[in-house]
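Computed from the coordinates by the stated procedures, all read-outs in this text should not be read as laboratory data. This structure is a prediction, so every number in the text was calculated from the model and none was measured. Methodologically, a virtual Cβ is constructed for each residue, glycine included, from the backbone with ideal geometry; neighbour enumeration extends over all protein chains shown.
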Amino acid sequence: MKALEGIKILDFTHVQSGPTCTQLLAWFGADVIKVERPGVGDATRKQLVDVPGADSLYFTMLNHNKRSIELNSKNETGKEVLERLIKTCDVLVENFAPGALDRMGFTWERIQELNPRMIMASIKGFGPGKYEDCKVYENVAQCAGGSASTTGFVDGIPVVTGAQIGDSGTGLHLALGITTALLQREKTGRGQKVMAAMQDGVLNLCRVKLRDQQRLDAGPLTEYSQFGEGIPFGEATPRAGNDSGGGQPGRILKCKGWETDPNAYTYFITQAAIWEKICDVIGEPDWKTKEGYATPPERLDKLNEIFERVEKWTMTKTKFEVMDVCNPFDIPVGPILSMKEIAEDQGLRDTGTIVEVDHPERGAYLSVGCPIKLSDSPVEVVRSPLLGEHTDEILTSVLGYDDSDLERIKASGAVGEAK
Ligand code: COA
């Protein structure tokens, strides 16, 4: 038994944001039926192709545990099939450009008419307002959600992050909205609209930066490195480089091998509570009591010097040795792991966070498994579907069409041939 067993999802999502949401729901046990344009499918199937003729990793890694039906939702018979899907499913998830579903004839009012228990979940770039009609991609959301203006170094341009906080981040937000709406439906019997805007999702993840924006009214942000360096603050939350967000000074420091390995670095936090242990570890026991070093406020204008000294020590160790030495003292450090190291990490494989999946077109590939572990709802990662792989199966066993219906539907051009 899986947590969401019995829940049917009409998955009208594409690219990254929506598919990450429905993939999570599939991992939790929902039956996710991905509706794709006949002969074309989700555009990511053919984006960043590494194995000619096979679905891309971009697609496979976002669409595990789903079934695929080819269906032209602009064709009259296709609309009839879609109506039956809406009547049958519990949740419709979509991340089309604003207005696309309405143009197909499936407004929220129409969907409610067809199925009052339907939960309709959407991802859009922006919420209601002057940008609501915009098409939005990951980096646009990162910029509009406040992430880019607060990422990078104080003397550099805004920087986007590799973590897909706009797409996958909003997918996560939407999944929470859907499961919450499902719970509420248990009590009310009614569906509802669930909406997650990418700008809102990014801003939610940048919450501490809006905190700092307001703190600026009370004076400079003393925990930012620029304070200790005497660089004046402007009107807005500045870019904080690799400072740690919680008020404890932190930096990324070189470790043994940095000259040739671009990831031979560690994160190192000089947390006030364990300052004395840090002094012992790096070989500066005098700093424990020395004037100008003993307390956090005194150290603020010496952070560059202090971190240079810590780095002199970290450079004598590999990033893993730094961890081995520091962990027993509760000194917070973290190795900068490359994707290669993560891919090879046996511990992550043992927990199912990194999984090897077999695929008929491309052979075995690595993917990130379900990052959320439920003790009573184990996840088995199943390869992504080929385009239209389950068309016949869904039309018959889910929607109850018989052979003659199937013939009629196929003759209308509403679906592609099942593969
Ligand atoms: N059968 C027939 N038509 C279909 C179909 C199907 N099964 N599935 C989709 N379509 C049509 C849509 O109805 C739409 O047609 P219309 O423009 O005539 O109304 C068309 O395909 C394209 O949809 P659209 O969403 O506009 O795709 P796009 O490639 O132009 O834009 C995005 C892509 C991601 C920018 C846009 O979908 C978007 O802004 N989405 C919301 C924000 C988002 O999720 N962004 C992040 C994506 S990772």
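Brief remarks on what is shown
- Amide H contacts under 5 Å for ILE119: VAL91, LEU92, GLN192, restricted to partners 5 or more places along the chain or on a different chain, H placed in the peptide plane at 1.01 Å from N.
- Mean sequence separation of contacting Cα pairs (under 8 Å, at least six apart), scaled by the length of the stretch 1-123, corresponds to a relative contact order of 29 percent.
- Within the chain, longest stretch free of exposed GluC sites (Glu not before Pro) [DSSP loop, at most 14 other beta carbons within 10 Å]: 6-131
- Histogram of C-alpha separations across the chain, 10 Å bin width, %: 4, 18, 25, 22, 15, 10, 5, 1, 0
- Under 5 Å between amide hydrogens, built in the peptide plane, is the criterion, and for VAL415 it picks out ASN72 among residues at least 5 positions away or on other chains.
- Full extension of the chain between ASP376 and LEU183 yields a length gain of 67.7 nm, computed as 0.36 nm times the residue separation minus the alpha carbon distance.
- Among the trypsin sites (Lys or Arg not before Pro) within the stretch 272-350, those in coil by DSSP and having at most 15 neighbouring Cβ atoms inside 10 Å are LYS290.
- For the stretch 137-146, backbone phi angles converted through the Karplus equation (6.51, -1.76, 1.60; θ = phi - 60°) give residue-by-residue couplings of 10, 2, 5, 5, 5, 4, 6, 6, x, x Hz, Gly and Pro being listed as x.
- 222 nm mean residue ellipticity, helices alone, for the chain (DSSP H n ≥ 4; -39,500 (n - 2.57); rounded to 500): -9000 deg cm²/dmol
- Förster radius 41 Å - calculated FRET efficiency between ARG309 and ARG190, Cβ distance, rounded to 0.05: 0.05
- Overall form of the stretch 341-404 per C-alpha gyration tensor (a/c, 1.5; a/b vs b/c): oblate
- Cross-link reach is defined here as a Cα-Cα straight distance under 17 Å, omitting same-chain residues fewer than 8 places apart; for LYS2 the aspartates and glutamates meeting it are ASP31, ASP90, ASP376, GLU380.
- Per-residue ³J(HN,Hα) for the stretch 237-244, Karplus 6.51 cos²θ - 1.76 cosθ + 1.60, θ = phi - 60°, Hz, x for Gly and Pro: 3, x, 6, 10, x, 9, 4, 8
- Per residue Cα convex hull volume in Å³ - calculated over the stretch 1-77: 89
- Normalised contact order of the chain, rounded percent, pairs of Cα under 8 Å and 6 or more residues apart: 19
- Amide H contacts of SER244: GLY250, each under 5 Å away and 5 or more positions distant or on a separate chain (H built 1.01 Å from N in the peptide plane; Pro and chain starts excluded).
- In the stretch 180-212, the trypsin sites (Lys or Arg not before Pro) that fall in loop regions by DSSP, at most 15 other Cβ within 10 Å: ARG190
- When the pairs LYS34/LYS373; LYS209/LYS340; LYS66/LYS135; LYS34/LYS209 are compared against a 29 Å limit on Cα-Cα distance, LYS209/LYS340; LYS34/LYS209 fall above it.
- Karplus-based coupling profile of the stretch 394-399, in residue order and whole Hz: 6, 4, 8, 7, 8, 9, with θ = phi - 60° in 6.51 cos²θ - 1.76 cosθ + 1.60 and x standing for Gly or Pro.
- Relative contact order, percent, the stretch 286-419 [alpha-carbon distance under 8 Å, six or more residues apart]: 11
- Rounded, prolate or oblate (a/c below 1.5 giving rounded, otherwise prolate when a/b exceeds b/c) for the stretch 26-140 by Cα gyration tensor: oblate
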